[in-house]
Amino acid sequence: VRIAGRIMAKREHGKSIFLDIKDFTGRMQAYVKKDAVGEESFEIIKITDIGDIIGVSGELFKTRTGEDTVKVADYTIVSKSLLPLPEKWHGLKDVETRYRQRYVDLIVNDEALEKFKTRIKLVQNIRESLTGKGFYEVETPMMHPIAGGAAGKPFKTHHEALDMDLFLRIAPEIYLKKLLVGGFEKVFEINRSFRNEGISTRHNPEFTMMEVYEAYSDSEGMMALTEELIRNAAKTILGTEKFIYQGKEIDLTHWKRVSFAQLMKDNFDINVDDPLEAWVDKLKKKGVEIEGDKVSKTQIINIVGELVEPETETNPVFVVDMFKEMSPLAKSKKDNPLLVDRFELYMGGMEIANAYSELNDPIDQKQRFLEQAKNDPNAVVDEDFVRALEYGMPPAGGLGIGI
């Protein structure tokens, strides 16, 4: 047999040496005997270091303890490690180094490597699931003339040849909807997006998400698709729909819904049709800090949204009945135009997905853009998107899932 990999451990026993060799698939033991390789080669193998990459050939045998081992007949040092690998790679003092030197973390920390593998399999599984259901994977622009499709502060850049400012995309939504106008009916993009905001274990300025749009569907269709994608991924990759996350079991066989509007009513006595002054008053009475006297409904909704997130829930929870001000691109509910046909999925205390029945009325869409511009001085009406809607976009469901 012939194998190659990185030396991760070395044990000398007089005229023989045992090596642990690691590659992407796992570890294998190699046994080097002085008589088998010759004195000169044996002296060279003695001065190899942990971290060196080596290729060996020889016969496979089992040791007395039953471990598969290569009895080395010949070897080649294919790459020399000039820097020593850390002997112990854990503890708070190493956290920053681990993230700044990911390559070292991956070499010595099998758990980190397995997480990367799982993430790769997850993306592959989502892609295969969607293409298997007739969705087309597309690529849309990453530099936008208008930062739109989501709430977020954009990164700015400048195009020298055109002498114009552009924004790195905060979401691909607008361009994917234009494809629906153009005749595509089932599209998705696993995309890199950028938001010029804080960094935490839940947020990164550069991140990956998946957005799906399906014509003639709605938020109910997206809810069914979300559950199917996540459950299928767990079964395929983990082999189970129950797993432990941060010490708590998540059970993907149990999904439930809660009403955001009802949470607002129960927690703060706020009704969706209350005037702004009533919102401020009721929130202050409940001890919510609001700076200044003038605050927009959107700001308050963001404050309240953080307070009423179902963080205690570990199993998947769909939060429905969202307020219209929170969703400038979502359709209003037929039975209550102040609410929108939208859901957010929470699991393990984190927001996992966001979806809604897409707004396809250009008149309503432009009016919402104008309302948004009143409250946000940086907001711009996307006239080209409104124009696209004026050509007619089929009713559709849209879904975004954080990867």
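Tabulated data
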quantity: Residue under evaluation residue 29, criteria (1) part of a strand (DSSP E or B); (2) open to solvent by 40 Å² or more (accessible area, probe 1.4 Å); (3) in contact with a Ser or Thr (Cβ under 8 Å, 6 or more places away or on another chain), criterion not met; calculated: (2)
quantity: Subset of the range 53-68 (residues that are open to solvent by less than 80 Å² (accessible area, probe 1.4 Å) and within 24 Å of residue 40 (Cβ to Cβ)); calculated: 53, 54, 55, 56, 57, 58
quantity: Any hit, the range 32-44, residues being exposed (fewer than 14 other Cβ atoms within 10 Å of the Cβ) and within 26 Å of residue 107 (Cβ to Cβ); calculated: yes
quantity: Matching option when the condition is of a type in the set (D, E, K, R) and in a loop (DSSP other than H, G, I, E, B), among 111, 139; calculated: 139
quantity: So residue 206, is it free of Cβ contacts under 8 Å to residues at least 24 places away in the same chain and among the acidic types (Asp, Glu); calculated: yes
quantity: The range 243-255 - residue that is farther than 14 Å from residue 316 by Cβ and in a loop (DSSP other than H, G, I, E, B) and, of those, most open to solvent (accessible area, probe 1.4 Å); calculated: 246
quantity: Any hit, the range 293-306, residues being in contact with a Ser or Thr (Cβ under 6 Å, 6 or more places away or on another chain) and buried (at least 19 other Cβ atoms within 10 Å of the Cβ); calculated: no
quantity: Residues being open to solvent by 50 Å² or more (accessible area, probe 1.4 Å), outside any helix (DSSP H, G or I) and touching a residue at least 24 places away in the same chain (Cβ under 8 Å) - total across the range 256-274; calculated: 3
quantity: Qualifying position, being of a type in the set (D, E, K, R) and open to solvent by less than 50 Å² (accessible area, probe 1.4 Å), among 80, 22, 71; calculated: 22
quantity: Extreme residue, most open to solvent (accessible area, probe 1.4 Å), among residues of the range 125-145 that are more than 24 Å from residue 231 (Cα to Cα) and not β-branched (Val, Ile, Thr); calculated: 139
quantity: Qualifying position, being touching a helix residue (DSSP H, G or I) at 6+ places or on another chain (Cβ under 9 Å) and at pLDDT 95 or above, among 56, 32, 104; calculated: 32
quantity: Neighbours by Cβ (under 9 Å, 6+ apart or cross-chain): first from the range 128-143, among the β-branched types (Val, Ile, Thr); second surrounded by 11 or more Cβ atoms within 10 Å (Cβ to Cβ) and assigned to a strand (DSSP E or B); calculated: 131/137; 131/188; 138/187; 138/188; 138/189; 140/189; 140/191
quantity: Of residues in the range 35-53 being closer than 26 Å to residue 116 by Cβ and not charged (D, E, K, R), the one modelled with the highest pLDDT; calculated: 53
quantity: Cβ pairs under 9 Å, 6+ apart, first in the range 38-51 and over 18 Å from residue 71 (Cβ atoms) and assigned to a loop (DSSP other than H, G, I, E, B), second basic (Lys, Arg) and open to solvent by 70 Å² or more (accessible area, probe 1.4 Å); calculated: 49/80; 51/80
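Conditions (1) hydrophobic (A, V, I, L, M, F, W, C); (2) within 22 Å of residue 347 (Cβ to Cβ); (3) without any contact (Cβ under 8 Å) to a residue 40 or more places away in the chain, marked per residue:
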residue	(1), (2), (3)
201	no, yes, yes
213	no, no, no
220	no, yes, no
225	yes, yes, no
231	no, yes, yes
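The values are calculated or read from the model by the stated rules, or taken from the named source; none is laboratory data. Model, not experiment: these values are computed from the prediction. Note that each Cβ is placed from the backbone with ideal geometry, even for glycine, and that neighbours are counted across all protein chains shown. For the accessible areas, the whole protein counts, side chains as well, though only heavy atoms, and no ligand, DNA or RNA atoms are used. Shrake-Rupley method; radii C 1.70, N 1.55, O 1.52, S 1.80 Å.
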